[in-house]
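A short worksheet on the structure shown next.
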Amino acid sequence: MNLGNLSDLYRQLILDHAQHPHHHGELASADQTVTLNNPTCGDVIKLQVELKDNQVADLAFSGDGCSISQASASMMTDLVKGQSLPEVQHEIATFLEMLMGNNDADEDVDALGDAAVLATVVKFPARIKCATLAWKALEQAIGEANNHE
Amino acid sequence: MVKNIATARNDFPILNQQINGEPLTYLDNAATTQKPQVVIDALTHYYETDNANIHRGVYTLAERATEAYEGVRQQVANFINAQTDEVIFTRGTTTSLNWVALGFARQLLQPNDEIIITVMEHHSNLVPWQQVALQTGAKLRYIEIDEHGELDLTQYGELLNPKTKFVAFTHVSNVLGTINPVKQMTKMAHDVGAYVVIDGAQAVGHFSVDMTDLDCDFYAFSGHKVYGPTGIGVLYGKRELLAEMNPVEFGGEMINLVERQTTDFKPAPAKFEAGTMPIAQAIGLGAALDYLTSLGWSAIEEHEQSLVTAAYQQLNKIDGLTIYGPAAGPTRSALITFNLNGVHPHDVATVLDTQGVAVRAGHHCAQPLMQTLGVSATTRASFGLYNNLADVERLIAALVETKEFFQV
Ligand SMILES: Cc1ncc(COP(=O)(O)O)c(C=O)c1O
């Protein structure tokens, strides 16, 4: 049996986040809520964000998804909590680039924290959308907040 | 020529390959089936020797192409026991069902009329009815399922009333595998004067279907799910209803006479087949139907039943695995949908893929059914005539591997 590739996709760190996701639940102080789904598979994420002083003050996610989407959301929330909006926007861009397979900017990828391990998902094209779902939700939450200013 | 089901696998070149270092175990036949060499050859032969546009040319080549295309219509009619002019070629089941909903039902429905469908419908036999209901003010009502994943016929009986104008249901559920009692359901609908539309996408290719015996008003299926090419499908309709039904697409080929302000359409089936049709694909479909006929229904049914029974028994033994739909037996067709407790279906499908096992994970275009079952996604293994017991063994072994990998 050829499970070699698999341990690439499912690193222990990914499984840990998927089994015990951080910032999972509802956020009472949220001022932005975005619900996104992956229409091909039915995965849903609800991301709630509290923005204060041009920062992501707090955030939480809920919904239903595979281990890749859950782990990715958990890692993302760890990373961006407390960061400034420009910083977060740059990280979202780096993450999405990384999952399109263009990661020439290796140092930027290092700045993604745990989420950097999700680079291996590129080898599983059918799963890329699972990894990007949370990040797209965050991008939209920040975008909507900016529109309302 | 009578072919043998035991060696049928050798007729499908695509199956002879490795995926991720393992033999390909193709178990996504409900999504689309693989094509036998005879179908591939029919497409090649058509393009190499007969290609021309049909119905228009007076030259020999065009006549040959027309004859081949119209010959398949005759063949489909024989295959489903209908009249030749009751067979319309479409792009597939989805197009067939949309044409009935938009070209026939929309004209007839009045506000407060009722359309009955079932909670197990594929989106293609659900969304068109929802749209038509929204456009006409008709009400959309649902037949529910019982704990075995079979339709609740008592509740269906209660839904039926003189306001029921259309009843649309699937012959076989693409998720639960349930074979619905379509003949009885058709009779019940006709008793209140409703039209019956059947989605046969998961039935044709697995057992014989007979329009005259079923007595339904419309029946739809896809070429690519019966070992034929993509891009071709069939809509059967009773002759007198097709005469009333309007085309949804207009253009070349479907007309008798076009003047500046008005057009006179040809009679069915031509009036529905606007523009250049998928000619090669129709001819490929003909080759696929010939192939199925050469194997024979009893061999196909017996073979698929033995596979699904073995798979059901072995899946049932896996701890923490839930199977949806009826037990293996006369009401279950050749597919099994399940969930492994603690592992998301996508993760299951990815692990299975590393073992060469191709299954489908997701909502299977049946979101209202997923909502009814209380799950967001499921994993589905669906069988075709070329699968064998070794495929079942590989599926089971890969699932055991999945459980070990995720430690559930
Ligand atoms: C029950 C059922 N109906 C309709 C369809 C749609 O068929 P097509 O995509 O060929 O139009 C499918 C295909 O998945 C199906 O399983």
* Find the residue count for segment B:4-37, including only residues that are buried (at least 18 other Cβ atoms within 10 Å of the Cβ) and over 27 Å from B:Ser173 (Cα atoms). => 1
* Structure fact -> Note on segment B:259-272: residues hydrophobic (A, V, I, L, M, F, W, C) and assigned to a strand (DSSP E or B) are B:Phe265
* Structure fact -> Across segment B:57-73, the tally of residues that are open to solvent by 20 Å² or more (accessible area, probe 1.4 Å) and either among the aliphatic types (A, V, I, L, M) or in contact with a strand residue (DSSP E or B) (Cβ under 8 Å, 6 or more places away or on another chain) (or both) stands at 3
* To do: Mind counting the residues in segment B:80-94 that are under 15 Å from the mean Cα position of the chain (by Cα) and surrounded by 21 or more Cβ atoms within 10 Å (Cβ to Cβ)?
  => 6
* Which condition number does B:Thr372 fail, the rest of (1) under 23 Å from the mean Cα position of the chain (by Cα); (2) open to solvent by 10 Å² or more (accessible area, probe 1.4 Å); (3) more than 25 Å from B:Pro128 (Cα to Cα); (4) hydroxyl-bearing (Ser, Thr, Tyr) being met? -> (3)
* Members of segment B:193-234 found to be under 20 Å from B:Tyr386 (Cα atoms) and of a type in the set (A, V, I, L, M, F, W, C), listed by number -> B:Ala201, B:Ala203, B:Val204, B:Phe207, B:Val226
* Only one of A:Leu13, A:Leu79, A:Leu47, A:Leu59 that is away from chain B (no Cβ under 13 Å), more than 19 Å from B:Val348 (Cβ to Cβ) and modelled with pLDDT under 95 -> A:Leu13
* State yes or no: is B:Leu373 more than 28 Å from B:Gly228 (Cα to Cα), among the aliphatic types (A, V, I, L, M), within 14 Å of chain A (Cβ to nearest Cβ) and in contact with a Leu (Cβ under 6 Å, 6 or more places away or on another chain)? => no
* Asked: within 16 Å of the ligand (Cβ to nearest atom), more than 14 Å from chain A (Cβ to nearest Cβ) and among the acidic types (Asp, Glu), is that true of B:Glu48?
  -> no
* Do the conditions hold for B:Thr33, that is, is it within 16 Å of the ligand (Cβ to nearest atom), more than 30 Å from B:Lys163 (Cβ to Cβ) and of a type in the set (Ser, Thr, Tyr)? -> yes
* **One residue from B:Asn387, B:Asn316 being among the polar types (S, T, N, Q), more than 14 Å from chain A (Cβ to nearest Cβ), out of contact with any Asp or Glu (no Cβ under 7 Å at 6 or more places or on another chain) and open to solvent by less than 10 Å² (accessible area, probe 1.4 Å)** => B:Asn387
* Asked: Can you name the residue in segment B:102-123 that is within 16 Å of the ligand (Cβ to nearest atom) and assigned to a helix (DSSP H, G or I) and, of all such residues, is farthest from B:Val172 (Cα to Cα)?
  -> B:Leu102
* Structure fact -> Given the conditions (1) in contact (Cβ under 8 Å) with a residue 60 or more places away in the chain; (2) crowded, with 22+ Cβ neighbours inside 10 Å, every one holds for B:His346 apart from (1)
* Asked: Do you know which of the residues in segment B:135-184 that are among the small types (Gly, Ala, Ser) and touching a Pro at 6+ places or on another chain (Cβ under 6 Å) is nearest to the ligand (Cβ to nearest atom)?
  -> B:Gly149
* Just a yes or no: is a residue in segment B:246-258 open to solvent by less than 30 Å² (accessible area, probe 1.4 Å) and in the same structural domain as B:Val204 (by TED's automatic domain parsing)? -> yes
* **Conditions (1) touching a Ser or Thr at 6+ places or on another chain (Cβ under 8 Å); (2) at pLDDT 95 or above; (3) not charged (D, E, K, R); number of the one not met by B:Gln34** => (1)
* To do: Inspect segment B:123-138 for any residue being in the same structural domain as B:Met185 (by TED's automatic domain parsing) and within 18 Å of B:Gly325 (Cα to Cα) and give the result as yes or no.
  => no
* To do: Might you check whether a residue that is on the phi > 0 side of the Ramachandran plot, touching a residue at least 60 places away in the same chain (Cβ under 8 Å), within 16 Å of the ligand (Cβ to nearest atom) and open to solvent by 10 Å² or more (accessible area, probe 1.4 Å) occurs anywhere in segment B:206-213?
  => no
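Residue by residue, here is whether (1) within 16 Å of the ligand (Cβ to nearest atom); (2) over 26 Å from B:Trp129 (Cβ atoms); (3) more than 14 Å from chain A (Cβ to nearest Cβ); (4) part of a strand (DSSP E or B) holds:
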residue	(1), (2), (3), (4)
B:Gln202	yes, no, yes, no
B:Phe221	yes, no, yes, yes
B:Tyr227	yes, yes, yes, no
B:Gly231	yes, no, yes, no
B:Val234	yes, no, yes, yes
B:Glu240	no, no, yes, no
B:Pro247	no, no, yes, no
B:Leu257	no, yes, yes, yes
* **Per-region count, segment B:124-158, residues surrounded by fewer than 18 Cβ atoms within 10 Å (Cβ to Cβ) and part of a helix (DSSP H, G or I)** => 10
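Residue-by-condition table, conditions (1) outside the structural domain of B:Asp391 (by TED's automatic domain parsing); (2) of a type in the set (A, V, I, L, M); (3) open to solvent by 20 Å² or more (accessible area, probe 1.4 Å); (4) touching a helix residue (DSSP H, G or I) at 6+ places or on another chain (Cβ under 9 Å):
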residue	(1), (2), (3), (4)
B:Leu285	yes, yes, no, yes
B:Ile300	no, yes, no, yes
B:His303	no, no, yes, yes
B:Ile323	no, yes, yes, yes
B:Thr331	no, no, yes, no
B:Leu335	no, yes, no, yes
B:Asn339	no, no, yes, yes
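The values are calculated or read from the model by the stated rules, or taken from the named source; none is laboratory data. Predicted, not measured: the structure shown is a model, and the values here were computed from it. For neighbour counting, all protein chains shown are included, and Cβ atoms are generated from backbone atoms with ideal geometry for every residue, glycine included. Please note that ligands, DNA and RNA were not included when accessible areas were found on the heavy atoms of the full protein model with its side chains. Shrake-Rupley method; radii C 1.70, N 1.55, O 1.52, S 1.80 Å.
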